[in-house]
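Everything below concerns the one structure shown next.
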Amino acid sequence: MRSQGRAIAAEPPAAGALASTIVIRPSRGWVALRLRELWEYRELFYFLAWRDIKVRYKQTALGAAWAIIQPFFTMVVFSIFFGQLAKIPSDGLPYPVFAYCALLPWHLFAYALNESANSMVANQQLIKKVYFPRLIVPLAGVLAGLADFGIAFAVLLLLMLYYGIVPTVAIVTLPLFLLLAIAAALAVGLWLSTLNVQYRDVRYVIPFLTQFWLFATPVAYPSSLVPEPWRPLYGLNPMAGVVEGFRWALLGKAEWPGPMIFVSAAMVAALLVSGLFYFRRMERTFADVV
Amino acid sequence: MSDVAIRVDRLSKRYRIGRAERYKTLRDTVVEGVMAPLRALGAALNGHGRTPDDGESDQHIWALRGVSFEVRRGEVVGIIGRNGAGKSTLLKILSRITEPTEGYAEILGRVGSLLEVGTGFHPELSGRENIFLNGAILGMKRAEIERTFDEIVAFAEVEKFVDTPVKHYSTGMQMRLAFAVAAHVDPEILLIDEVLAVGDAGFQKKCLGKMGDIARRGRTVLVVSHNMPSIVNLCQRAILLEAGEVLRDGAPPEVIQQYLGTIRSAGGEAMWADPSRAPGNDIARLHAVRILQEGCEGPIADVDIAKDVLVQIAYWNLREGAELYASIWLRDQMGTPVLASGNATSVSLTHDPWYGRPHPRGLFHSVCRIPGNFLNEGLYSIAAILGTAPSTTQVLQDYVLSFHVHDTGEMRKEFFGGWLGTVRPRLAWHTEFVEPAAHAAERGQ
């Protein structure tokens, strides 16, 4: 049976010259990412991301204020317990700004991770009934958190103004760290969304994961608490690099986090590429399994 | 350029059954995640592709098995078959939602598929927003949606509510809007599954009209439907699938005839093998109630509208000399009585020699013949009644059995869609031209 199936697949399509010919055959093993097809479907990607943003605060009393409330009150709690009571150092910065500046990328990451990891299951009706490159779903999920980030970012600027912190030229690198945070969320989100299709355990893992991850990330404390020789290793947690990068780019005073950033970036790249291929490999069974 | 639009070559799809129930721990998950790349690496090194789901010991079902056919450009082809025959699997593979296990297919041209009406509708978004979202999901470009927007809204008859969240729409409005978007997707090749029947009767007619338009515009259409009249009307060709294989491929009327012949399921019979447990008393008991149709062996649950339906009541007479009669009630699917009939001499068309006559003890078969082209399409249920003459009921078993009447399209050359009424007899019609009128135009046509 198998050999017969492969023999068929090896036949050249008779009218393959037509640009819009679609060839359907069983795929085996690892497959190409088909980024060009992804590009052709960019409008659907925009619409899905737009839908997620649009729907996010529907029928809530406070609406988009939630985008501020969550990081802001976390910052307040952190400032009271870690800043005031536990006297955790903050690299010479006012603790509220120190914490809030880290909470921004953290919330973006946690939200994007959660959305993309649950996206395949949440959109299973679509997946079972319509064809489109499946990668669009976790990708669009990641993007929806950016609107929240933008709103919460305005508050950071106010805080900086209040404490009289003027960013240095390092601020031009901020988009890179933002990109790194999104890529990190997408990388982990791809792995989890793929696993989530078959094992709904993932849904219960995510809250734990983000909780532990928050404590493993220098949000409430500075990475300078970690002994110098271990710091690059600390960068294996991609969010450690992102958070320290944010502080460096925005608050100026903090030290250049150095090799930690590069370790984080390499880690994200490895997770992202493997996640993309793993997703594509498992994609063929999504509609049957989800 | 070839005139073939869809070519399907020995397409097969295997599903593993019981997969969903198999319990897996998170540890298995992690192990699988790690092992899958390793296995693939091993397979690559060995030079043959081995996928994790190769385990031959697992229980599998073949939803499709070696299906081959070609659809020419501009052809409208209907796929019929009973539930589980593989129709939807075939469309899912051709729509690239799922992959075949074996075989090969190619589609030459821009393809659109409608496997469901309203896929991706979001209740919180307005009608306008959902049109754009749903359009994008169905593969329309933004410019295309903008161009046809007014047409979609008008078709769906939701002009006043276009900025209201869809969750406040009635079900009918949602369906109309969903179909309107779907109907304005205009690919060269269209794959459709069961979307014909949405909304109320009026809108259904509109949908079918639109379908007909698409078909007549020279589009290639592959449609899966249970609606035989629309298959007869829309399609030039029908393919009958049975247990994942192509059983027949040809002109719709013949293929539908064969389909109705094959769907004799276990239904069509209610039987009590043990007389002590059968409905009845010490005078008479039911043995079986069966639906029969000429040309088919044994009882059937699905009957052809054009042929006589035979309702057979098999009963035991337990008291020597009992003067028994038999009768039935027929109800439609709402439970409304359609008719009552018995074998009494004054109410039956033919003389039944056993009516009211002393019965010896033993098994009897009473058969009632309901003429063809008399019942409408749909589900009917039967009540079986036995009594002693003249009119003492001994056994009354309501809803003992039901059967489905299928329209083969013989009466549907001019019309399709739902047909009003519980019965649909052919009646005599005659029109006369009475006098020529000078003002014919004013009276209207």
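Among the criteria (1) open to solvent by less than 10 Å² (accessible area, probe 1.4 Å); (2) more than 30 Å from A:ALA122 (Cα to Cα); (3) not hydroxyl-bearing (Ser, Thr, Tyr), the one A:LEU233 does not fulfil is (1). For the stretch B:59-80, the count of residues that are part of a helix (DSSP H, G or I) and either within 11 Å of chain A (Cβ to nearest Cβ) or not hydroxyl-bearing (Ser, Thr, Tyr) (or both) is zero.
Residue count for the stretch A:94-122, restricted to those that are within 14 Å of another protein chain (Cβ to nearest Cβ) and either on the phi > 0 side of the Ramachandran plot or open to solvent by less than 10 Å² (accessible area, probe 1.4 Å) (or both): 3.
Condition test on B:PHE121, is it of a type in the set (Phe, Trp, Tyr), over 29 Å from B:ARG10 (Cα atoms) and within 12 Å of chain A (Cβ to nearest Cβ)? So B:PHE121 fits the description; yes.
Quick check on the stretch B:300-307. Is at least one of its residues touching a residue at least 24 places away in the same chain (Cβ under 8 Å), touching a Phe, Trp or Tyr at 6+ places or on another chain (Cβ under 9 Å) and in a strand (DSSP E or B)? Checking the stretch B:300-307: at least one residue is touching a residue at least 24 places away in the same chain (Cβ under 8 Å), touching a Phe, Trp or Tyr at 6+ places or on another chain (Cβ under 9 Å) and in a strand (DSSP E or B). Would you check if there is a residue in the stretch B:138-151 being within 7 Å of chain A (Cβ to nearest Cβ), part of a helix (DSSP H, G or I) and either touching a residue at least 40 places away in the same chain (Cβ under 8 Å) or surrounded by fewer than 23 Cβ atoms within 10 Å (Cβ to Cβ) (or both)? Yes, the stretch B:138-151 has at least one match. Given the structure, is B:GLU129 charged (D, E, K, R), within 12 Å of chain A (Cβ to nearest Cβ) and open to solvent by 20 Å² or more (accessible area, probe 1.4 Å)? The answer is yes for B:GLU129.
Selection within the stretch B:108-117: residues that are open to solvent by 20 Å² or more (accessible area, probe 1.4 Å) and assigned to a loop (DSSP other than H, G, I, E, B). The member of this set that is farthest from the other protein chains (Cβ to nearest Cβ) is B:VAL117. Of A:GLY150, A:GLY189, A:GLY141, A:GLY145, all but one fail to be in contact with a helix residue (DSSP H, G or I) (Cβ under 9 Å, 6 or more places away or on another chain) and more than 26 Å from A:LEU236 (Cβ to Cβ); the exception is A:GLY150.
The requirement of being within 7 Å of another protein chain (Cβ to nearest Cβ), more than 18 Å from A:VAL23 (Cα to Cα) and part of a loop (DSSP other than H, G, I, E, B) is not satisfied by B:GLU99.
When the stretch B:204-234 is filtered for residues that are among the hydrophobic types (A, V, I, L, M, F, W, C), open to solvent by less than 10 Å² (accessible area, probe 1.4 Å) and more than 17 Å from B:GLY112 (Cβ to Cβ), the ones remaining, listed by number, are B:LEU208, B:MET228, B:ILE231. If only residues of the stretch A:206-224 that are crowded, with 17+ Cβ neighbours inside 10 Å and within 14 Å of chain B (Cβ to nearest Cβ) are counted, the one that is nearest to A:LEU33 (Cα to Cα) is A:ILE206. Among the residues of the stretch A:46-73, which ones are outside any helix (DSSP H, G or I), open to solvent by 80 Å² or more (accessible area, probe 1.4 Å) and at the interface with another protein chain (Cβ under 10 Å from one of its Cβ atoms)? Across the stretch A:46-73, the qualifying residue is only A:GLN59. A:ALA15 meets each of the listed conditions (1) at the interface with another protein chain (Cβ under 9 Å from one of its Cβ atoms); (2) modelled with pLDDT of 80 or more; (3) not in a helix (DSSP H, G or I) apart from (2).
The set of residues in the stretch A:236-283 that are surrounded by 18 or more Cβ atoms within 10 Å (Cβ to Cβ) and among the basic types (Lys, Arg) comprises A:ARG247, A:ARG280, A:ARG281. Put simply, of A:LEU180, A:LEU195, A:LEU176 the only residue that is modelled with pLDDT of 90 or more and open to solvent by 60 Å² or more (accessible area, probe 1.4 Å) is A:LEU176. Filtering the stretch B:303-324 to residues that are in contact with a strand residue (DSSP E or B) (Cβ under 9 Å, 6 or more places away or on another chain) and open to solvent by 30 Å² or more (accessible area, probe 1.4 Å) leaves B:ASP308, B:TRP316, B:LEU318, B:ARG319, B:GLU320, B:GLY321, B:GLU323. The residues of the stretch A:123-135 that are in contact (Cβ under 8 Å) with a residue 12 or more places away in the chain and either crowded, with 22+ Cβ neighbours inside 10 Å or within 14 Å of A:VAL197 (Cβ to Cβ) (or both), listed by number, are A:ASN123, A:GLN124, A:ILE127, A:LYS128, A:PHE132, A:ARG134, A:LEU135. Scanning the stretch A:137-157 for residues that are crowded, with 21+ Cβ neighbours inside 10 Å and either free of Cβ contacts under 8 Å to residues at least 12 places away in the same chain or not in a helix (DSSP H, G or I) (or both) yields one hit, A:ALA144. Among the conditions (1) at pLDDT 90 or above; (2) open to solvent by 50 Å² or more (accessible area, probe 1.4 Å), B:ILE291 misses just one, which is (2). In summary, B:TYR104 fulfils each of the numbered conditions (1) buried (at least 23 other Cβ atoms within 10 Å of the Cβ); (2) at the interface with another protein chain (Cβ under 7 Å from one of its Cβ atoms); (3) not in a loop (DSSP other than H, G, I, E, B) with the single exception of condition (1). The single condition from (1) of a type in the set (A, V, I, L, M); (2) part of a loop (DSSP other than H, G, I, E, B); (3) under 21 Å from the mean Cα position of the chain (by Cα) that A:VAL188 fails is (2). Scanning the stretch B:329-352 turns up at least one residue that is open to solvent by 80 Å² or more (accessible area, probe 1.4 Å), over 15 Å from B:VAL289 (Cβ atoms) and part of a strand (DSSP E or B).
The values are calculated or read from the model by the stated rules, or taken from the named source; none is laboratory data. Just so it is clear, the structure is predicted and the values come from calculations on it, not from any experiment. Positions of Cβ are backbone-derived with ideal geometry, glycine not excepted, and every protein chain shown enters the neighbour counts. The protein model used for the area step is the full one, side chains on, heavy atoms only, and it has no ligands, DNA or RNA in it. Shrake-Rupley method; radii C 1.70, N 1.55, O 1.52, S 1.80 Å.
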